[in-house]
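I have placed the structure first, in the form of structure tokens, so that the comments after it can refer back to it.
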Amino acid sequence: MKNVIKAAALIVIASASLPALAAHQVQNQPAGQQRIGVISASAAGSNLSELVNRLDAKATAEGAGSYRVISAGGRNYLFGTAEIYK
């Protein structure tokens with residue numbers, strides 16, 4: 001029974017810390033961080049925030065601490081790129 005309680009507590013703590021691991025958007029290269037690559041994403045429609053959300057998800061999946069959107073465009077289908085930093 002104690003092991004089940006410990007496991008449940010560990011899961012709660014681990015899931016609470018996941019948002020802290022998410023990349024955050026910056027305007028300039030962050031001091032003390034290295035550029036580790038470029039990512040791209042696309043989104044249907046003309047919703048720029050959906051495109052940024054997809055870039056954010058990709059940056060987080062790549063293990064980046066932050067990202068900077070360097071291009072975005074399109075009409076009914078948006079495309080964008082971002083530099084990622086760690």
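Using the Cβ atoms and a cut-off under 15 Å, what net charge is assigned to the surroundings of Thr60, where Lys and Arg are +1 and Asp and Glu are -1? Working shown, then result.
Numbers: positive: Arg54, Lys58, Arg68, Lys86; negative: Asp56, Glu62, Glu83.
For residues surrounding Thr60, the net value is +1.
Could you compute the net charge surrounding Ala41? Neighbours are other residues with a C-beta less than 10 Å from the C-beta of Ala41; K and R count +1, D and E count -1.
0
How long is the range 25-86 along each principal axis, judged by its Cα atoms, biggest number first, in Å?
38, 20, 15
Return a whole-number percent for the relative contact order of the range 22-65, with Cα pairs under 8 Å and 6 or more residues apart as the contact set.
56
Can you list the residues, at least 5 places off or on another chain, whose amide H is less than 5 Å from the amide H of Ile36, using H built in the peptide plane?
Ile84, Tyr85, Lys86
Along the Cα→Cβ direction, 7 angstrom out, place labels at Ser42 and Asn28. What is the inter-label distance in nm?
Label at Ser42, label at Asn28, 3.4 nm between them.
Once the piece of chain linking Thr81 and Glu62 is laid out straight, how much longer is it, given 0.36 nm per residue of separation minus the C-alpha distance between them? It would help to have the intermediate numbers written out before the result.
Working: separation 19, 0.36 × 19 = 6.84 nm, distance 1.39 nm.
Gain on stretching Thr81 to Glu62: 5.4 nm.
Name the residues whose placed amide hydrogens come within less than 5 Å of the amide hydrogen of Ala23, ignoring near sequence neighbours (fewer than 5 apart) on the same chain.
For Ala23, whose amide H was placed from the backbone, the distant partners under 5 Å are Thr60.
Each value in this text was obtained by applying a stated rule to the coordinates, not by laboratory testing. Just so it is clear, the model here is predicted, and its values are computed rather than measured. All Cβ positions, glycine included, derive from the backbone under ideal geometry; neighbour counts span all protein chains shown.
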